[in-house]
Amino acid sequence: MALNALDLLERAGWRHDREIDADPVVQRLRASGYTAVPPLRDFLTQFFGLVITSEDGSKSITFDLDSVEHLTDAEFCNEYGDAIGRPVTPVGVHSDMIIMIDAAGEFWAALDLDYGYMGKNIEQAVQWILIDPATMHMFDRRLPD
């Protein structure tokens, strides 16, 4: 039986009652110049440090700051937020793609100047990235050069 997004999250160690101390992560993001959107702390408390892998193990989403800081910076994230109309904070990566949460708790992804909406929650983002990428409508937007 094929796994769904919730199955993949649970397989990676996520539980409804998972709770880590997100304060050091939020402080590090702020110190690096990122906007800490209101839903950030709750998201990090549950998901930071997890590596979500596809059923066959060929793809993954990593929720850590080292990966994020390797692929983006606060200026780029501020530009995405300006274009979207609400601030975003990076929370993870998939390959060379940055995954961000916005002020409404919804998810966006970016690859260089191309970006797009991933879903209203992390389950939708995981579904589109790791389970059914053919249905993704992402990267339908582009920042100006």
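No value in this document is a laboratory result; all are computed from the given coordinates. These numbers were taken from a predicted model, which means no experiment stands behind them. Neighbour counts run over all protein chains shown; Cβ positions are idealised from the backbone, glycine included.
Can you give the FRET efficiency for E10 and L113, using 1/(1 + (r/R0)^6), R0 = 22 Å, r = Cβ-Cβ distance, to the nearest 0.05? Please list the in-between numbers first.
Numbers: r = 35 Å, r/R0 = 1.58.
The computed FRET efficiency comes out at 0.05.
Work through the residues other than G33 whose Cβ is under 10 Å from its Cβ and net out their charges, Lys, Arg +1 and Asp, Glu -1. Intermediate results must be reported in sequence, preceding the final value.
Numbers: positive: R30; negative: D73, E75.
So the environment of G33 carries a net charge of -1.
Which shape class, rounded, prolate or oblate, goes with the stretch 82-129 when its Cα gyration tensor gives a ≥ b ≥ c as root eigenvalues, a/c under 1.5 marks rounded, and past that a/b bigger than b/c marks prolate?
Taking the square roots of the gyration eigenvalues as a ≥ b ≥ c, the stretch 82-129 is oblate.
Taking only the Cα atoms of the stretch 1-113, how large is their convex hull per residue, in Å³?
Normalising the Cα hull of the stretch 1-113 by residue number yields 103 Å³.
Stretched out fully, how many nm does the piece from I20 to S54 gain, at 0.36 nm a residue minus the Cα gap? Write down the numbers at each step before the final one.
Values: separation 34, 0.36 × 34 = 12.24 nm, distance 2.36 nm.
Computed gain between I20 and S54 is 9.9 nm.
For the stretch 6-20, take each phi angle, set θ = phi - 60°, evaluate the Karplus expression 6.51 cos²θ - 1.76 cosθ + 1.60, and give the result in whole Hz per residue in order, putting x for glycine and proline.
Result, ordered by residue: 4, 4, 5, 4, 5, 4, 7, x, 6, 9, 4, 9, 5, 8, 10 Hz.
Assign unit charges at the C-beta atoms only (+1 for Lys and Arg, -1 for Asp and Glu), then state the dipole size of the chain relative to its Cα centre in Debye, rounded to the nearest 20.
On the way: 11 positive and 25 negative charges, 51 e Å.
Magnitude of the dipole: close to 240 debye.
Please give the net charge around Q127, taking every other residue with its beta carbon less than 13 angstrom from that of Q127, where Lys and Arg add +1 and Asp and Glu add -1.
Charge balance in the 13 Å sphere: -2.
Under a crude label model (7 Å from the Cα following the beta-carbon direction), how far is A104 from E79 in nanometres?
The answer from the label model is 2.4 nm.
Within the set of other residues whose C-beta is less than 11 Å from the C-beta of V93, count the net charge using Lys and Arg as +1 and Asp and Glu as -1. If you can, show how the numbers build up before the last one.
Values: positive: none; negative: D64, D66, E69, D96.
Result for the local shell: -4.
Applying 1/(1 + (r/R0)^6) with R0 = 22 Å to the Cβ-Cβ distance of A2 and Q124, what FRET efficiency is obtained, to the nearest 0.05? Please list the in-between numbers first.
Values: r = 17 Å, r/R0 = 0.75.
Efficiency computed from Cβ-Cβ geometry: 0.85.
Counting Lys and Arg as +1 and Asp and Glu as -1, each charge on the Cβ, what is the dipole of the stretch 74-145 about the Cα centre in debye, to the nearest 20? Can you show the working numbers first?
Numbers: 4 positive and 12 negative charges, 43 e Å.
Roughly 200 debye for the stretch 74-145.
Given only helices, namely DSSP H runs of n ≥ 4 each adding -39500 (n - 2.57), what is the per-residue ellipticity at 222 nm of the chain, to the nearest 500 deg cm²/dmol? Don't jump to the answer; show the numbers that get you there.
Working: 6 runs with 47 residues, N = 145.
-8500 deg cm²/dmol, from helical runs alone.
Give me the number: length gained by fully extending T45 to R28, i.e. 0.36 nm times residue separation minus the C-alpha to C-alpha distance, one decimal in nm.
Values: separation 17, 0.36 × 17 = 6.12 nm, distance 1.46 nm.
Fully extending the segment from T45 to R28 adds 4.7 nm.
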